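The values are calculated or read from the model by the stated rules, or taken from the named source; none is laboratory data. Just so we're clear, the structure is a prediction, and the values are computed from it rather than from any experiment. Note that each Cβ is placed from the backbone with ideal geometry, even for glycine, and that neighbours are counted across all protein chains shown. Each accessible area value is taken on the protein alone, full model and side chains, heavy atoms only, with ligands, DNA and RNA left out. Shrake-Rupley method; radii C 1.70, N 1.55, O 1.52, S 1.80 Å.
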Amino acid sequence: MKDFLRKVFNTEFLPMSEVRKIKVWLVMVFLMVLTIITIPYSTFFDYSLAMKIITISVLFLLLIVMYVLVRFGKTWPALQISILYSIALMLYYTQGVNSFYAYLFFYIALSIIIFYQELFSYLLYGTIVAALGSYYTLAFKEGLVIANDIIGSEYIFVVMLVLFYLINLVHILHNEKIYTDLNYEWVKMNHIIGKYQDDILYYLEDIRQDAHQSPIYENLEFQKAAFELSEFIAEQILRDGKEIINLMDLYVYIHERGLAQIIDNPEISNAMKKTSNMLGKYLLSENTDMFSMLINFYIRFEETNTYQKDRYAYMVEDITEVREEQIIAFCLIYRTLAREIEKKHQWNQMDRSEDEFIDILPVTELEEFFSPQVIAFYNDNYEMIKEYLNQTK
């Protein structure tokens, strides 16, 4: 129970599948409490005794089915059954008694569906609940409207239910968009990080070869530590930790031969190929999950430069307030860009004169990086700049 509560209060750090599992557990507890309360209230319902016993028995049986599904990792079917369970309980109340309390079960059923934040489930089951609630309100308004209510008050109940449905639909759509954008950013960032780690792996291998060092997986001390650690961990799970030794031999062998050669070798058994494929994400000679974890762990202890306020400043006036330095910087950048543009025209000299001056300011974005004063200096001294910064001379 303590571990479960810890997960509940730290759901932002859990994967979506684990969060969905926790939600199903919470809904199951809520439905069980609601079902227990329903037992004494059933005496007021217009059902036969046999119908009441069968209904309550089936509801408890569904709770057991949900429990078994969650225990075996079948969270999605358990989620769907819990929604159908709430709808069945809603129908049991609304068909058994005609009162305002039965009307509230439409909100309870919608709240359970909203709690899961599943767009498909909400569009399917939420729409059904809202439609049934609207029909129930108009068809059995006698139990909802009292004598002193204003004329047409039953339509207010319908509008409130429909608005509750629509507002939460917009909220779920908004959350779905945010989740999609975050997932896209996560995939994009992983792709960028993967490229960086490819470069890190390449340069590490290059440095290792220049230093005439053997790979880490060939180091005897590393192999000894890996064997001892894996055997210790296996003893916590298996009866005989020595069973892991063959697996470690295969791990080193994959480094030496390469995973692709083992998978493509027809002489190797399918069981060994399956095990090799599972070990593939722990290789140290490729950009694997293990390599990524080691690099991320290592850089946490690397000292970085102290924070600089103008580290990402691109406006020259933010870097230096000295006007002379800004003008010198402008001239250097202008000269460099003019040289780069000139290279593009070096094969098209037939239509160009020797004194033709390349004015790069209209075709670049220099005005965004320099103050208006520096740009004014350029405009006022255009002839001088043309004379001294002309690339063709």
Exercise. Within region 95-129, how many residues are open to solvent by less than 10 Å² (accessible area, probe 1.4 Å) and either outside any helix (DSSP H, G or I) or small (Gly, Ala, Ser) (or both)?
Worked result: 5
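Here's the yes/no breakdown for (1) outside any helix (DSSP H, G or I); (2) modelled with pLDDT of 80 or more; (3) under 29 Å from Asn190 (Cα atoms):
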site: Lys224; (1), (2), (3): no, yes, no
site: Ile233; (1), (2), (3): no, no, no
site: Ala260; (1), (2), (3): no, yes, yes
site: Phe291; (1), (2), (3): no, yes, yes
site: Thr304; (1), (2), (3): yes, no, yes
site: Tyr314; (1), (2), (3): yes, no, yes
site: Ile333; (1), (2), (3): no, yes, no
Exercise. Residues in region 11-30: is at least one farther than 19 Å from Tyr101 by Cβ, loosely packed, with under 10 Cβ neighbours inside 10 Å and either aromatic (Phe, Trp, Tyr) or modelled with pLDDT of 85 or more (or both)?
Worked result: yes
Seminar exercise, completed: Exception for Thr320 within (1) at pLDDT below 85; (2) within 30 Å of Gly194 (Cβ to Cβ) falls at (2)
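Restricted to region 144-178, and to residues that are modelled with pLDDT under 85 and open to solvent by less than 30 Å² (accessible area, probe 1.4 Å), which residue is farthest from the chain's Cα centre (by Cα)? Working first, answer last.
Narrowing region 144-178 to residues modelled with pLDDT under 85: 144-157.
Now drop any that are not open to solvent by less than 30 Å² (accessible area, probe 1.4 Å), which leaves 144, 152-154.
Details: Leu144: 45, Gly152: 47, Ser153: 45, Glu154: 44 Å.
Restricting to residues being modelled with pLDDT under 85 and open to solvent by less than 30 Å² (accessible area, probe 1.4 Å), the top hit is Gly152.
Condition check ((1) open to solvent by 90 Å² or more (accessible area, probe 1.4 Å); (2) more than 19 Å from Leu204 (Cβ to Cβ); (3) in contact (Cβ under 8 Å) with a residue 60 or more places away in the chain) across all residues:
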site: Thr275; (1), (2), (3): no, yes, no
site: Ser292; (1), (2), (3): no, no, yes
site: Asn296; (1), (2), (3): no, no, no
site: Ile299; (1), (2), (3): yes, no, no
Exercise. Is there a residue in region 231-242 that is out of contact with any strand residue (DSSP E or B) (no Cβ under 7 Å at 6 or more places or on another chain), exposed (fewer than 10 other Cβ atoms within 10 Å of the Cβ) and among the β-branched types (Val, Ile, Thr)?
Worked result: yes
Problem set entry | Within region 179-194, considering residues that are over 28 Å from Ile112 (Cα atoms) and of a type in the set (A, V, I, L, M, F, W, C), the one most open to solvent (accessible area, probe 1.4 Å) | Trp186
Seminar exercise, completed: Note on region 37-93: residues touching a residue at least 40 places away in the same chain (Cβ under 8 Å), surrounded by 12 or more Cβ atoms within 10 Å (Cβ to Cβ) and not in a helix (DSSP H, G or I) are Phe45, Tyr47
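Counting just the residues of region 195-224 that are among the acidic types (Asp, Glu) and exposed (fewer than 10 other Cβ atoms within 10 Å of the Cβ), which one comes out nearest to Val252 (Cα to Cα)?
Taking region 195-224 first, the residues among the acidic types (Asp, Glu) are 198-199, 205-206, 210, 218, 221.
The next check asks that each one be exposed (fewer than 10 other Cβ atoms within 10 Å of the Cβ); those that pass are 210, 221.
Values: Asp210: 23, Glu221: 13 Å.
Ranking the candidates gives Glu221 first.
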